[in-house]
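Peer 1: Could you have a look at this structure, given as structure tokens, before my questions?
The values are calculated or read from the model by the stated rules, or taken from the named source; none is laboratory data. This structure is a prediction, so every number in the text was calculated from the model and none was measured. Cβ placement follows ideal geometry from the backbone for every residue including glycine, while neighbour counts extend to all protein chains displayed. The protein model used for the area step is the full one, side chains on, heavy atoms only, and it has no ligands, DNA or RNA in it. Shrake-Rupley method; radii C 1.70, N 1.55, O 1.52, S 1.80 Å.
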Amino acid sequence: AEDLLFGVCNKRAEELMDRGDQEFDWHPPKPLSQPSDYILDLASFLRTIFPTFAALPSAVMEALHYTTCKTIAARLSAQPLSPKVKKINHHAFVRANADLAVLEAFAQDSKVPGLKETFVPLRQLITLMTAPSL
């Protein structure tokens, strides 16, 4: 049963990330400080699905959170490296920053110890790419 839960959560997260691969503009003409729709949908899914598993042992719940968030972080980190991405500008990372803030807020609100840290490498990259000195 646990494998099924992990599979369902990761599958839906992957589907939403696939949508992001298609929708995210890596070369927008102006900065967009609003989070992407697919990230808002992803956060909504996470906030909806995880409480339904509240009866699970805490170790299973935490593992489910970590596994799903690690999958999301890995996919977000890989997006700009996709062969489909031909150009990237600073404005894209401004939007990616807004997207990541939504996921970090979810992780913080989840009360799962250390969950927000799954996004630290991505946070470091986005902070570097949005630094004023670039």
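Peer 1: Using the Cα centre as the reference, give the magnitude of the dipole from point charges on the C-beta atoms of the range 30-95 (Lys, Arg: +1; Asp, Glu: -1; all else neutral), rounded to the nearest 20 debye.
Peer 2: Working: 8 positive and 3 negative charges, 93 e Å.
Dipole about the Cα centre, nearest 20: 440 debye.
Peer 1: Considering only the other residues whose Cβ falls under 13 Å of the Cβ of Phe6, what net charge follows from Lys and Arg at +1 and Asp and Glu at -1?
Peer 2: Numbers: positive: Lys11, Arg12, Lys70; negative: Glu2, Asp3, Glu14, Glu62.
Charge balance near Phe6 sits at -1.
Peer 1: Hey, rough spin-label estimate for Val60 and Ser133, points 7 angstrom out along Cα→Cβ, what's it come to in nanometres?
Peer 2: In this crude spin-label approximation the distance works out to 4.9 nm.
Peer 1: Grab the eigenvalues of the alpha-carbon gyration tensor for the chain, scale each by 5, take roots, and send me the semi-axes largest first in whole angstrom.
Peer 2: Values: eigenvalues 155, 47, 29 Å².
Semi-axes from the Cα gyration tensor: 28, 15, 12 Å.
Peer 1: What list of ³J(HN,Hα) couplings, whole Hz, do you get for the range 74-88 from phi and the Karplus terms 6.51, -1.76, 1.60, once you set θ to phi - 60° and write x for glycine and proline?
Peer 2: Computed from phi, the couplings for the range 74-88 are 5, 5, 5, 5, 7, 3, x, 8, 5, x, 6, 8, 9, 9, 9 Hz.
Peer 1: Related question: If you roll a 1.4 Å probe over the range 39-125 with all protein chains in place, what percent of the accessible area is carbon or sulfur? Don't skip to the end; give the middle numbers.
Peer 2: Values: 2730 of 4340 Å².
Using a 1.4 Å probe with all protein chains present, the range 39-125 comes out at 63 percent carbon and sulfur.
Peer 1: When all protein chains stay in place, what accessible area (Å², nearest 10, 1.4 Å probe) is found for Phe6?
Peer 2: Phe6 has an accessible surface of roughly 40 Å² with all protein chains in place.
Peer 1: Please enumerate, by chain and number, the aspartates and glutamates with C-alpha under 19 Å from the C-alpha of Lys84, excluding those fewer than 8 residues away in the same chain.
Peer 2: Hits, sequence-local ones excluded: Glu14, Glu15, Asp18, Asp21, Glu23, Asp25.
Peer 1: I would also like to ask the following. Within the set Lys11/Lys87; Lys70/Lys116; Lys87/Lys116, which residue pairs have Cα atoms separated by over 21 Å? Kindly include the intermediate steps, with their values, before the conclusion.
Peer 2: On the way: Lys11/Lys87 29 Å; Lys70/Lys116 10 Å; Lys87/Lys116 29 Å.
From Lys11/Lys87; Lys70/Lys116; Lys87/Lys116, over 21 Å: Lys11/Lys87; Lys87/Lys116.
Peer 1: With a 1.4 Å probe and every protein chain left in place, tell me how much accessible area Met61 has, in Å² to the nearest 10.
Peer 2: Here the residue's solvent-accessible area equals roughly 30 Å².
Peer 1: Here is a follow-up. Quick check for you: with a 1.4 Å probe and neighbouring chains kept, what is the accessible area per residue of the chain, in Å²?
Peer 2: It amounts to 56 Å² per residue over the chain.
Peer 1: If we count trypsin sites (Lys or Arg not before Pro) as exposed when they sit in a DSSP loop and have at most 15 other beta carbons within 10 Å, what is the longest stretch of the chain that avoids them all?
Peer 2: So the longest stretch without any such site is 1-83.
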